[in-house]
Amino acid sequence: MQTQFDTEAQLIQEVSNNPGVIRTYLEGMVPSLLSFLVQLIVAILVLLIGSRIIKFLLKLLRKSLDRSRVETGVVTFLCSLVKYSLYFMLAMIILAQFGVTTSSVVAVLGSAGLTLGLALQGSLSNFAGGVLILLLKPFVVGDYIVDGATGQEGTVSAITIFYTKLLTIDNRIIMIPNGTLSNSILTNYSMNDKRRVDVEVGISYDDNIELARKELERVMNSYSNIM
């Protein structure tokens, strides 16, 4: 312990006797600080310009898909996939400004592949589920579905890269993972044009059953959508 104190005292004494040491040290750091500041400014500019370019490309892609009359769910899924891919490329470009090469990032991801795979297995399952939903089409945007696993139901408003959004009848948004929807029993009420609906009507034993039946038939016949 005494030796450590002696070393620190010697350093303090040397600095006191040679004040130019601190000045020389700080002057040596100036170029590095200026270089880092330039790299930081360039990275911020790349982020701002890149974000604007990505938004423009996504807008262009969406318009192109809409003109091609591609299904809404496919449009949302593709736009999400392209968005994440472009932002990943932008992140690689920004890291390159600080001397981090793409090969280094790939090497790190490769060495940590098992850990990342375990950590992201839920996200990967949702991504695969989204692909299956778009390929098999158990439902599309606008369908009214019921998820057998969670019991949640509503109108499909969007199919994103990881989640499907349901709009409930009381105007709530429910986010269900695509992996859950692709691996559960699903009821689609909108797939067929015609569907039977059972409506139970109770009347008193003292009422006229024939009159009640005629009144129900009159009510049903007044709606053009009822067969």
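The values are calculated or read from the model by the stated rules, or taken from the named source; none is laboratory data. If you're wondering where the values come from, they're calculated on a predicted model, not measured in any experiment. Don't worry about glycine lacking a Cβ; one is built from the backbone with ideal geometry, like all the others, and counts go over all protein chains shown. Heavy atoms of the whole protein, side chains included, go into the accessibility calculation; ligands, DNA and RNA do not. Shrake-Rupley method; radii C 1.70, N 1.55, O 1.52, S 1.80 Å.
If we keep just the residues of the range 51-90 that are among the charged types (D, E, K, R) and surrounded by 15 or more Cβ atoms within 10 Å (Cβ to Cβ), which is nearest to SER157 (Cα to Cα)? Filtering the range 51-90 for residues that are among the charged types (D, E, K, R) and surrounded by 15 or more Cβ atoms within 10 Å (Cβ to Cβ), the one nearest to SER157 (Cα to Cα) comes out as GLU71. Selection of the range 151-169 for residues being open to solvent by 60 Å² or more (accessible area, probe 1.4 Å) and more than 12 Å from the chain's Cα centre (by Cα) yields GLN152, GLU153, LEU167, ILE169.
Residue by residue through the range 130-150, note down the ones that are open to solvent by 30 Å² or more (accessible area, probe 1.4 Å) and in a strand (DSSP E or B). TYR144, the sole residue that qualifies. Within the range 107-115, one or more residues are outside any helix (DSSP H, G or I) and at pLDDT below 80. Taking the range 116-129 as the range and being at pLDDT below 80 and in a helix (DSSP H, G or I) as the test, the residues that pass are LEU116, GLY117, LEU118, ALA119, GLN121, GLY122, SER123, LEU124. If you go through the range 58-93 and keep only what is charged (D, E, K, R) and farther than 20 Å from VAL131 by Cα, you end up with LYS59, LYS63, ARG67.
Is there a residue in the range 181-191 that is under 26 Å from GLY151 (Cβ atoms), open to solvent by 80 Å² or more (accessible area, probe 1.4 Å), in contact (Cβ under 8 Å) with a residue 24 or more places away in the chain and touching a strand residue (DSSP E or B) at 6+ places or on another chain (Cβ under 7 Å)? Within the range 181-191 (the criterion being under 26 Å from GLY151 (Cβ atoms), open to solvent by 80 Å² or more (accessible area, probe 1.4 Å), in contact (Cβ under 8 Å) with a residue 24 or more places away in the chain and touching a strand residue (DSSP E or B) at 6+ places or on another chain (Cβ under 7 Å)), the answer is yes, since at least one residue qualifies. When ARG172, ARG213 are checked against the criterion of being within 26 Å of LEU81 (Cα to Cα), basic (Lys, Arg), out of contact with any Pro (no Cβ under 7 Å at 6 or more places or on another chain) and open to solvent by 70 Å² or more (accessible area, probe 1.4 Å), a single residue qualifies: ARG172. So which helices (runs of 4 or more DSSP H) are wholly in the range 1-104 and hold at least 1 residues that are at pLDDT 80 or above? Correct list: 20-67, 72-97.
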